[in-house]
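Asks: Below is the structure I would like to discuss, written out as structure tokens.
The values are calculated or read from the model by the stated rules, or taken from the named source; none is laboratory data. Since we're looking at a predicted model, the values are computed, not measured. What goes into the accessible areas is simple: the full protein's heavy atoms, side chains included, and nothing from ligands, DNA or RNA. Shrake-Rupley method; radii C 1.70, N 1.55, O 1.52, S 1.80 Å.
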Amino acid sequence: MPLVTSKEMFEKAYNGGYAIGAFNVNNMEIIQGITEAAKECNAPLILQVSKGARSYANHTYLIKLVEAAIADTGLPICLHLDHGDSFELCKSCIDGGFTSVMIDMSSKPFAENIAITRQVVEYAHDHGVVVEAELGTLAGIEDEVVVSAEDSSYTRPEEVEEFVSKTGCDSLAIAIGTSHGAYKFKPGTKPQLRFDVLEEVSRRLPGFPIVLHGASSVPQDLVAKVNAFGGEMPGAVGVPEDQLRKAASLSVCKINIDSDLRIAMTAAVREYLAGHPADFDPRAYLKPARAAIKQLVAHKITDVLGCAGKA
């Protein structure tokens, strides 16, 4: 089975009231953990690569690792560029075999966002690739995406129809209170997603797939484990999973998950090395790291996204 686009995935997810997990990948163990979980859960899958991950791991290596995952699992997998910051980057990924790209011009003025997004859409569609765009800006840090709380803004529902119509994008990432990175909200606070914004966007764009970025939940047991074995992660509060389940039951068809994976992997590595300080074999500590990724992804697919059995 070749790589697929997210078009059919999103149609089924929208009509079925669930979301597809879009998991960020950086190396072999992360890809293996994610895809092994998806295979056991029989779930469709989006593997996404940031600009930083592509630079770190090399485009060719990532493509071959994802192709190996398809051969091993037989799953429908979409390979997506996360937060493309230029037409040139999106074009390079399209030419290099990605089946989906995101062009993120959300920090630009509305008209400029439309113009650059439209340019990417025209090139992508000519090559059978789908495009995700973004309106509204999320606070936080993810690789080279850095937005202060003061500069973040909710998506304005009154802009979405014009934006989608003029750009021709295939899905839209909106800002309703999620945040990039692990350190999302002040300790003691309970984040509350703006479902009123989501519902108004959905009313204006019936049947159109919506995307949530910055939707990691930051499991507190894993944060505690990181801290117990040599780390000092500040108190981190993510998006409550019950709110993500609600979003997935509405028009949100893609939910991005990255920070949770990093924390799970780091916790497993630190725990292993704390108990085996003389072990210097990477295979020894990356094996439990891969297992931790698999366990986390299976939980997300089954208990949060609702896409188990939907491949």
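Asks: For LYS294, list the aspartates and glutamates whose Cα falls under 19 Å from its own Cα; do not include residues on the same chain fewer than 8 positions away.
Replies: GLU29, GLU36, GLU40, GLU67, ASP72, ASP221, GLU241, ASP258, ASP260, GLU271, ASP303
Asks: Further, regarding this structure: At a probe size of 1.4 Å, how large is the accessible area of TYR272, to the nearest 10 Å²?
Replies: Here the residue's solvent-accessible area equals roughly 40 Å².
Asks: Using a 1.4 Å probe, how large is the accessible area of GLU112, given in Å² and rounded to the nearest 10?
Replies: For GLU112, solvent-accessible area is about 80 Å².
Asks: Taking 0.36 nm per residue of separation and subtracting the Cα-Cα distance, what length does fully extending GLU67 through ASP95 add? If you can, show how the numbers build up before the last one.
Replies: Numbers: separation 28, 0.36 × 28 = 10.08 nm, distance 1.60 nm.
Difference between extended and current length: 8.5 nm.
Asks: So if I take the centroid of the Cα atoms in segment 1-61 and the same for segment 277-308, what is the distance between those two points in Å?
Replies: Cα centroid of segment 1-61 versus Cα centroid of segment 277-308: 15 Å apart.
Asks: Counting residues in segment 1-143 as N, plug N into 2.2 N^0.38 Å and put the Cα Rg over that result. List each step's numbers first, then the result.
Replies: Working: Rg = 14.9 Å, N = 143, 2.2 N^0.38 = 14.5 Å.
Working it through for segment 1-143, the quotient is 1.03.
Asks: Tell me the per residue accessible area of segment 1-120 using a 1.4 Å probe; a whole number in Å² is fine.
Replies: Numbers: 4690 Å² over 120 residues.
Here the per-residue accessible area is 39 Å².
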